[in-house]
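To start, the structure itself, in structure tokens.
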Amino acid sequence: MSECEKIISELKSFADPVRAINNSRFFKSNPGEYGEGDIFLGVTVPEVREVSGRYTSVPLATLGVLFDDSLHEVRLCAAIILTLKYQAAATLLEKRLLFEFYLEQIGLGRVNNWDIVDCSAPVLGNYLTLVDNALDILTQLATSNSLWERRVAIVATFALMREGQLLPTYNVALLLLKDNADLMHKATGWMLREMGKRDLSLLRKFLKENSKNMPRTMLRYSIEKLSVEERRNWLKISKI
């Protein structure tokens with residue numbers, strides 16, 4: 001039995017048909033929804049992480065096969081393994097190879113639901129703290145037609161924020177102001193909120209310049225940590 005087969009077999013041992021149905025609804029897999037066609041085993045995230053932790057030494061070729069699987073939890077497992085590999089990488093070369101592999105999976109449409117994006121985007125974000133062209137890469141993703149590439153772009157800025165680099169979040173959020181997807185409104189508001197925790201004046205600057213044009217959900221998420229009075233004032237200004 002190959003490593004891929006072992007991993008999939010272990011994941012299937014946790015399968016729960018009732019949870020699978022619930023997850024299918026939760027992750028919007030019906031026709032016309034953002035996760036259309038996604039197939040679920042009904043495995044919990046802790047169970048996926050348990051399996052992932054046993055296979056951190058698998059080669060990238062194996063991960064590529066897992067990322068290409070139709071089962072949601074198999075792709076999630078691949079994303080978690082990749083993240084663990086990046087965390088353990090000791091050299092810049094290792095990190096670059098993992099970063100390039102991740103970009104390939106994104107481009108192939110395999111990082112294709114919000115939980116898979118959110119657990120793996122730190123691979124991109126952490127690598128971008130090491131290079132000079134971070135904003136170019138983030139801009140390319142943020143202006144993509146792919147919902148998931150755009151979400152990767154904004155969520156990846158969290159890793160940059162943790163290194164004290166706040167402007168990437170600010171600049172990517174500007175690119176996403178007119179995004180039509182509710183998932184993007186939530187993710188962008190979330191990252192703006194995190195930016196505000198680190199520099200409240202920068203969040204207020206963003207809000208002063210853009211609150212009138214921000215989707216309501218994005219605005220609400222971004223101001224969650226402000227006082228009740230200040231939240232009320234920003235919501236009064238917003239027209240959307």
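The values are calculated or read from the model by the stated rules, or taken from the named source; none is laboratory data. Since this is a predicted model, take the numbers as computed values, not measurements. FYI the Cβ positions are ideal-geometry reconstructions off the backbone, even for glycines, and counts take in every protein chain you see.
One table, with the values for the structure above:
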| quantity | calculated |
| --- | --- |
| Qualifying position, being touching an Asp or Glu at 6+ places or on another chain (Cβ under 8 Å), over 18 Å from Glu104 (Cα atoms), modelled with pLDDT of 95 or more and of a type outside the set (D, E, K, R), among Val48, Val58, Val18 | Val48 |
| Matching option when the condition is hydroxyl-bearing (Ser, Thr, Tyr) and either assigned to a helix (DSSP H, G or I) or in contact (Cβ under 8 Å) with a residue 12 or more places away in the chain (or both), among Ser144, Ser201 | Ser201 |
| Test for Asn113: is it surrounded by 19 or more Cβ atoms within 10 Å (Cβ to Cβ) and closer than 16 Å to Met184 by Cα | yes |
| Single unsatisfied condition, Asp132 versus (1) more than 15 Å from Gly64 (Cα to Cα); (2) of a type in the set (Asp, Glu); (3) part of a helix (DSSP H, G or I); (4) more than 13 Å from the chain's Cα centre (by Cα) | (3) |
| So Leu76, is it more than 24 Å from Phe40 (Cα to Cα) and in contact (Cβ under 8 Å) with a residue 24 or more places away in the chain | no |
| Whichever residue in the stretch 17-71 is exposed (fewer than 13 other Cβ atoms within 10 Å of the Cβ) and among the small types (Gly, Ala, Ser) and, among such residues, is farthest from Phe101 (Cα to Cα) | Gly32 |
| Close pairs (8 angstrom Cβ cut-off, 6 or more residues apart or separate chains): outside any helix (DSSP H, G or I) in the stretch 169-198, of a type in the set (D, E, K, R) and buried (at least 23 other Cβ atoms within 10 Å of the Cβ) anywhere | Leu176/Arg150; Asp179/Arg150; Ala181/Arg150 |
| Unmet criterion (only one of (1) in a helix (DSSP H, G or I); (2) under 26 Å from Arg204 (Cα atoms); (3) more than 15 Å from the chain's Cα centre (by Cα)) for Glu100 | (2) |
| Set Ile137, Ile154: member being assigned to a helix (DSSP H, G or I) and within 26 Å of Phe27 (Cα to Cα) | Ile154 |
| Subset of the stretch 7-16 [free of Cβ contacts under 8 Å to residues at least 40 places away in the same chain and either surrounded by 15 or more Cβ atoms within 10 Å (Cβ to Cβ) or of a type in the set (A, V, I, L, M) (or both)] | Phe14, Ala15, Asp16 |
| Residue identified as closer than 21 Å to Asp115 by Cα, surrounded by 16 or more Cβ atoms within 10 Å (Cβ to Cβ) and of a type in the set (S, T, N, Q) among Thr188, Thr139 | Thr188 |
